[in-house]
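Just below is one structure, and these are the notes that go with it.
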Amino acid sequence: MSISPKLQPILYGFGVFAVFTILSVALKIITHRVSPDARYLGILSNKDLLLGLVVALVLTFTHERKKKLK
C-alpha cells in the first residue's frame, strides 16, 4: 500500500508534532513544572503548542529537502 506523495509530509509533520507534545507533557509531569497559563489538558499552554508547530514545520521541511537531495 502506497501513500500519496502529497500526504506523506503532512503525516510526517503530525507525527513530529505528536512526539513533541508527548515529550513535553511527560517532562512537565516528571518535573512538576506546569505553567500558570496552561489551557490544554491542564498542562500545555499556547506557547507550547506554537513551539511544537514550529518544530514540526522545520523538521518536515528539512526532511523533505533531504529526500529530494538523494
Margin query: Criterion first (more than 24 Å from Gln8 (Cβ to Cβ) and surrounded by 16 or more Cβ atoms within 10 Å (Cβ to Cβ)) does Lys47 satisfy it?
Written below: no
Notebook entry, point to check: Of Lys47, Lys70, which residue is modelled with pLDDT of 85 or more, among the basic types (Lys, Arg) and at negative phi?
Noted result: Lys47
Next item on the list: Restricting attention to the stretch 8-44, report how many residues are among the small types (Gly, Ala, Ser), loosely packed, with under 12 Cβ neighbours inside 10 Å and at pLDDT 80 or above.
Entry: 1
Margin query: Condition first: among the basic types (Lys, Arg) and in a helix (DSSP H, G or I). Can you find one or more residues in the stretch 44-59 that meet it?
Written below: yes
Margin query: Quick check on the stretch 22-40. Is at least one of its residues in contact (Cβ under 8 Å) with a residue 12 or more places away in the chain and touching a Gly at 6+ places or on another chain (Cβ under 9 Å)?
Written below: yes
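The values are calculated or read from the model by the stated rules, or taken from the named source; none is laboratory data. Since this is a predicted model, take the numbers as computed values, not measurements. Positions of Cβ are backbone-derived with ideal geometry, glycine not excepted, and every protein chain shown enters the neighbour counts.
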